[in-house]
Each structure stands twice: as structure tokens, then as C-alpha cells.
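First the structure, in the form of C-alpha cells, and then the observations on it.
The values are calculated or read from the model by the stated rules, or taken from the named source; none is laboratory data. Small disclaimer: the values here were computed from a predicted structure and weren't measured. Cβ atoms come from the backbone with ideal geometry, glycine included; neighbour counts cover every protein chain shown.
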Amino acid sequence: VRDVVCIDDFVRIAKKALPIALFDYIDGDSLAEVTRRGNVDDWAAVCLEQRVMRDVSTVDTSVEIFGERHSFPLGLSPVGLAGMFAKRGEVQVAMAARQHDIPRHLLTFSSSSVNEVAAKTSAPPWFQLYMLRDKKIVEALLDRARAAGVNVPVLTVDLPVVSVRYRDYRSGLGRNISLQAKVKGVADLIPRYGWLLDVVVRGHPLGFGNIEDILRGVERTNVGARIDRNLDDSVTWRDVEWIKQRWKGKVVVKGIMNSLYADQAIKAGADAIIVSNHGGTQLDGVLSTAKTIPEIASRVGGSAPILVDGGIRSGLDIVRAPSLGTSSCMVGRPWAFALACGGYSGVMKAIEILRFELSIAMSLCGFLKTSGIVGFALPRGT
Ligand SMILES: Cc1cc2nc3c(=O)[nH]c(=O)nc-3n(C[C@H](O)[C@H](O)[C@H](O)COP(=O)(O)O)c2cc1C
């Protein structure tokens, strides 16, 4: 990763390092992949104001969320099965995030369990939760997360069912495919011996950390179908109220794309919301997150912190997010690709790049503090 200079470089390198099925799992989107492109393009279309002669010799990139100060307004979004991208992937990512003092998530669908990650990284993380049909499993997950030091559960609400993902169907990720497709998949592994050695040989056990109970006895090729069946498609705001009551602490809701739902999430007990369309992997055709924020910020801004993810790819984008009304932003694919390229060092490098670009962007925009960024950018054409 020494020669990497920007986030897009990680994508190119990861394409060569990862089996195609895994690269497509991270890179791909649902159906025609329109929303993912919109997420990236619409950040780039937010114009920034060039403010000069403002003495930018001391720029403070830090930000406060839930009373805790972080080094800059970036968090790492939950991306499932990071243990397949690099050896014990979740542990390596958590270590890099802790080193940079930025928020990161433990996950429902992770390769390493909550306990394994928490044992190796002391800072209290957030725990991303999916609502599952069996509430006893949800309760057990929450209890395990609390015991491991988690202080904020993040309920993802935009995945009552798993969307259609053509690339995954073709590669057979977690599903049964033809013998011919299987042979092609195995042949594809031969030049990826670095990944084989790192993940398959040294990365054991390759499990599903927190949900092994649900998957007991299931053929590994049928895992996708079993997970789909266990997601609770009857989930409503009452479940947010239930989690809030049970957790008795701060709760975040992720997957809000509309001011009405932002309002409802807060009324149901959310202490913060994450504006997110799951990186475009769920409802293809939904608006980009950049275009959604102004409407949400005008309705609920001030009553709860607003975070955002989807398409953030540079330090400029990290300035653009609070300029439209958010407290902080998060990235998913950028850290996933960085992890695949260089493990802990790759993620460290990705975070360093984003932080450096942010400090340059703040200087050129004349912002001395992140709290002063609000209200200076305008979508092009307004
Ligand atoms: C491969 C992949 C797996 C993901 N897994 C999860 C998950 O398990 N839970 C979740 O809440 N979001 C998940 N997401 C969504 C991310 O948390 C995040 O919203 C999205 O990646 C942000 O967009 P970006 O990748 O453009 O930064 C996943 C996204 C991708 C691409």
C-alpha cells in the first residue's frame, strides 16, 4: 500500500488481490447499480466556497459525538464478513480505527465475534444490529455486546429483506450455483494465492462470529438463504422502542432516507440517525444520501445528531457532509478495500489519506474547526 495516494487506488489493487466473487460482493450493488453511482457523483457536485486570508495555521479537525471527542468527523460503517477480506479482518479494522480514535462498528454479520474484537481493542465500540425473527437471539446479541463493552447499538432499518444483487447471484456467493460456475470460481483463486494464504490458511476459524447458532448444521453454500429467512421482515418503529427500553442507553438508527422517517426514528427513541441507503446495495433507484440530507437536516437538525454514509471518497466529501447539515460521516467500501489491500496497514493508510485531505480542504475553505463548517456549501446550480 506504500504507493497508494487516494481511496480509488485501493479499489484497483483490491480487484487483483481478492477473488472476483468477494471483490464483486464489496463493489457491487443491487440491480442496475444506479444509486451507488449517484451517491459518489452527488457529493462531487456539492460546491465549496473558497475563503482566503483567514489564518489557517491552526486547523482543528476533531469532532464531538455523544460527548466523546474523535480525531475527525469520520466513522467506519459496518460492512459484513470482513474476515473474508483479510485475516481476522474485523480485529484489524477495529485496531486501526482505535489507533486513529474514530468510531467503528462491531456487526451482527461478522466473521469474528463481538467478544473476539472487543478483547483485542479496548475502546467502547458501536454494535450494528439487524432485527432477527427470533427476539431471544437479538436479546442475547445485545447482552453479549454490552458485556463486551459496547455503548451504542445501531439498528439498521433498511434491510427487512435482502435485495437483488446480480453480481452475487452470478458468483454464487452463499448460494448454490452450477458446477461450471464453481470450477470457474476455483480457477480464479489460483492467481490470488496471497489471499488464500492470508485468509484461508491463516485466518481460521472462518465462521459467522455472532450468528453461528442460527447457522448450525447449514451447508456453507446455503448460508445466504438461511440468513434471508432469519431477517425479520415485520420490523417497525415499535422495535426501535423495544430496543431503546431494553438497552436503557443511547441508540442509533441507520438507514433513514426521508425527513418523515427521521422524525419517527427520533420519536421512537433514536438518539442519532444515520442517513444511509446501504451504499446502494438495497433499494436501487433511491436518491443519493448527499441529495437527501438538506431536507432531513431542515426538519430534525438540532434535535439529534445526523450522520451520513454512502459515496464518501475523499477529505473534500468529509467537509461537504457537515456543510449540508450532518455532524459526521462514515465510509464503508473504502475501508473494506483498504483492508483487502494491506490489512491493518491498509486501513491505517486509508484513514490517514482521508484525514490529511480533510485538513487541506478545511484550510482551503477557511474552516478552523469542524463545528464551523455548517452552511457554506451549495449543491451546484442553486
Ligand atoms: C459489502 C457490503 C456489506 C455491508 N454490510 C452491512 C451490514 O452488515 N450492516 C449494515 O448496517 N450495513 C452494511 N453495509 C452498508 C454499509 O454500512 C454502508 O451503509 C455503505 O457501505 C456506505 O456506502 P459506501 O460503501 O459508499 O461508503 C454493507 C455495505 C457493503 C458494500
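In segment 14-41, the qualifying residues are those that are small (G, A, S) and more than 10 Å from the ligand (Cβ to nearest atom), and the one that is nearest to L316 (Cα to Cα) is G38. Residues in segment 287-312 that are buried (at least 19 other Cβ atoms within 10 Å of the Cβ) and aliphatic (A, V, I, L, M): A290, I293, I296, A297, V300, I306, L307, V308, I312. Applying the criterion of at least 3 residues that are touching a residue at least 60 places away in the same chain (Cβ under 8 Å) to the helices (runs of 4 or more DSSP H) found wholly in segment 57-175 leaves 89-100, 135-147, 166-171.
The listed residues are V319, V300, and the only one of them that is away from the ligand (no atom under 14 Å from the Cβ), at pLDDT 95 or above, farther than 21 Å from G280 by Cα and in contact with a Phe, Trp or Tyr (Cβ under 9 Å, 6 or more places away or on another chain) turns out to be V319.
I'd like to check something: does segment 125-132 contain any residue that is of a type outside the set (A, V, I, L, M), crowded, with 22+ Cβ neighbours inside 10 Å, touching a helix residue (DSSP H, G or I) at 6+ places or on another chain (Cβ under 8 Å) and modelled with pLDDT under 90? I'd like the intermediate steps shown before the answer.
In the first step, residues of segment 125-132 are kept if they are of a type outside the set (A, V, I, L, M); the result is 125-128, 130.
Still in the running and crowded, with 22+ Cβ neighbours inside 10 Å: 125-128, 130.
This time we only want the ones that are touching a helix residue (DSSP H, G or I) at 6+ places or on another chain (Cβ under 8 Å), so: 125, 127.
Subset that is modelled with pLDDT under 90: 125.
Scanning segment 125-132, I find at least one residue that is of a type outside the set (A, V, I, L, M), crowded, with 22+ Cβ neighbours inside 10 Å, touching a helix residue (DSSP H, G or I) at 6+ places or on another chain (Cβ under 8 Å) and modelled with pLDDT under 90, so the answer is yes.
Scanning segment 106-149 for residues that are within 15 Å of the chain's Cα centre (by Cα), of a type outside the set (S, T, Y) and closer than 18 Å to I227 by Cβ returns L106, L107, F109, F127, Q128, L129. The residue list V251, V199, V218, V275 contains one member that is over 30 Å from L18 (Cα atoms) and either at pLDDT 90 or above or hydrophobic (A, V, I, L, M, F, W, C) (or both), which is V251. Residues in segment 311-348 that are in a helix (DSSP H, G or I) and small (G, A, S): G315, A321, S323, A336, A338, A340, G342, G343, S345, G346. Within segment 152-171, being more than 11 Å from the ligand (Cβ to nearest atom), over 21 Å from Y130 (Cα atoms) and in contact with a helix residue (DSSP H, G or I) (Cβ under 7 Å, 6 or more places away or on another chain) holds for one residue alone: S171. Scanning segment 322-337 for residues that are within 12 Å of the ligand (Cβ to nearest atom) and of a type in the set (A, V, I, L, M, F, W, C) returns C329, M330, V331, W335, A336, F337.
With respect to V1, is the statement that it is surrounded by 14 or more Cβ atoms within 10 Å (Cβ to Cβ), among the aliphatic types (A, V, I, L, M), within 16 Å of G342 (Cα to Cα) and modelled with pLDDT under 95 true?
yes
Annotation note: Cβ proximity below 6 Å between a residue of segment 326-352 that is on the phi > 0 side of the Ramachandran plot and a residue that is at pLDDT 95 or above and among the polar types (S, T, N, Q) (sequence gap 6+ or interchain) occurs for G343/Q92.
Of all the residues in segment 257-284, those that are within 16 Å of the chain's Cα centre (by Cα), farther than 15 Å from G302 by Cβ and away from the ligand (no atom under 14 Å from the Cβ) number 0. Residue count for segment 179-211 under the criterion of being in a helix (DSSP H, G or I), without any contact (Cβ under 8 Å) to a residue 12 or more places away in the chain and under 30 Å from A145 (Cα atoms): the result is 2.
Just one of (1) modelled with pLDDT of 90 or more; (2) of a type in the set (A, V, I, L, M, F, W, C); (3) within 15 Å of the chain's Cα centre (by Cα) fails for M95. It is (3). Flag set for L324, criterion: touching a Pro at 6+ places or on another chain (Cβ under 8 Å) and crowded, with 24+ Cβ neighbours inside 10 Å.
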